[in-house]
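Enquirer: Have a look at this one.
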Amino acid sequence: MLSNIGTEQKLSGTVLLRKHLQPASLNNIMGSVFGKRYDTDTAQDSEELDELKDMVQEGLELLGPFNWSDYLPWLSYFYDPFHIKEHCSKLVPQVRKLVRDIIEEHRATGPRSLSDNADFEMIFRGIDTTTLLTEWVMAELILHPEVQEKLYKEIDSAVGNKAVTDADVALLPYLPFKESKTSTKSALSERLLGQRREP
C-alpha cells in the first residue's frame, strides 16, 4: 500500500487515500473476522481479493445512499428508484458463496471454527468506518506538521526502519490510536494537538 501511495504521489503530486485505504482495511478486517489475509502478489489471492473488493464496493454503494424504504418498508413494494432490492438479491448470494468458501477453507486448515452466519455487513461497515477515520486522521496530520514530526520521531526512535507491529504500539505513547477515546473528533484533536477545541 505504501509503495502504491508513493508511486501515485510521484506521478500526480497528489494522493487519493481512500482507494489505497479500503483494500488495506478490507485485508485487515478479513484477517480479524475470518483469519484470512490476502497476498496481492499471488494470482489466486489477487483474483479472490479483486472479487471481494468488487462485492464490498457494490455493498458500500448499496448501503450508502438514502433510501426511503429503510424507514418505510412497505414503500419498497412499489417504489425503488435505485433498484436496491434487485441489486441486493444478486449480491447476497455472491457474498454468501464467498463467505462459505472462506469458512470451508478455514475449517480445513485452521483450528478456530467460524459460523456460517458470519455477518458480512460488519465487514462492509468496518471497512468504511476504518477508511474514513484513517482519512480524517491523515487530514489532521497534514494540517498539523508539528504533530507529524513528533510521531515520526517517536516511531523512528522506538521502531527504527522496520515495519511497526502490534507489539510496537505499546512503545509509542504519543500514537493517537492507543486509547479508545480517540475515535471521537474532539478527543482525538485534544490528544493529537494537546489542546481542547471549543465548540
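The values are calculated or read from the model by the stated rules, or taken from the named source; none is laboratory data. Since the structure is predicted, the reported quantities are computational estimates derived from the model, not experimental observations. Positions of Cβ are backbone-derived with ideal geometry, glycine not excepted, and every protein chain shown enters the neighbour counts.
Enquirer: Take the conditions modelled with pLDDT of 80 or more and farther than 26 Å from LEU16 by Cα and apply them to ALA118. Does it pass? Don't jump to the end; show me each part of the working.
Expert: Details: modelled with pLDDT of 80 or more: no; farther than 26 Å from LEU16 by Cα: yes.
Taking the combined requirement at face value, the residue does not satisfy it.
Enquirer: Filter the range 153-179 for residues that are within 21 Å of ALA24 (Cα to Cα) and in a helix (DSSP H, G or I); which is modelled with the highest pLDDT? Please lay out each step first, then the result.
Expert: Initially, the range 153-179 is screened for residues within 21 Å of ALA24 (Cα to Cα), giving 155, 161-169, 175-178.
Going one step further and asking which of them are in a helix (DSSP H, G or I), we end up with 155, 166-169.
Values: ILE155: 86, ASP166: 76, ALA167: 82, ASP168: 83, VAL169: 79.
The extreme case among them is ILE155.
Enquirer: Are any of the residues in the range 55-66 farther than 25 Å from TRP136 by Cβ and assigned by TED's automatic domain parsing to the domain that holds TRP136?
Expert: Step one: filter the range 55-66 for residues farther than 25 Å from TRP136 by Cβ, giving 55.
Subsequent filtering for residues that are assigned by TED's automatic domain parsing to the domain that holds TRP136 retains 55.
Scanning the range 55-66 turns up at least one residue that is farther than 25 Å from TRP136 by Cβ and assigned by TED's automatic domain parsing to the domain that holds TRP136.
Enquirer: A follow-up question, please. Restricting to the range 54-97, and then to whatever is surrounded by fewer than 10 Cβ atoms within 10 Å (Cβ to Cβ) and among the hydrophobic types (A, V, I, L, M, F, W, C), can you tell me which residue is farthest from GLY126 (Cα to Cα)?
Expert: PHE78
Enquirer: Output the residues belonging to the range 124-177 that are surrounded by 14 or more Cβ atoms within 10 Å (Cβ to Cβ) and of a type in the set (Phe, Trp, Tyr).
Expert: PHE124, TYR174, PHE177
Enquirer: Might you let me know whether the range 21-30 holds any residue that is more than 21 Å from GLN94 (Cβ to Cβ), of a type in the set (A, V, I, L, M) and out of contact with any Gly (no Cβ under 8 Å at 6 or more places or on another chain)? Please lay out each step first, then the result.
Expert: Our first condition is that a residue be more than 21 Å from GLN94 (Cβ to Cβ); within the range 21-30, this holds for 21, 24, 28.
Right, trim to of a type in the set (A, V, I, L, M) and you get 21, 24.
Subset that is out of contact with any Gly (no Cβ under 8 Å at 6 or more places or on another chain): 21, 24.
For the range 21-30, residues more than 21 Å from GLN94 (Cβ to Cβ), of a type in the set (A, V, I, L, M) and out of contact with any Gly (no Cβ under 8 Å at 6 or more places or on another chain): present.
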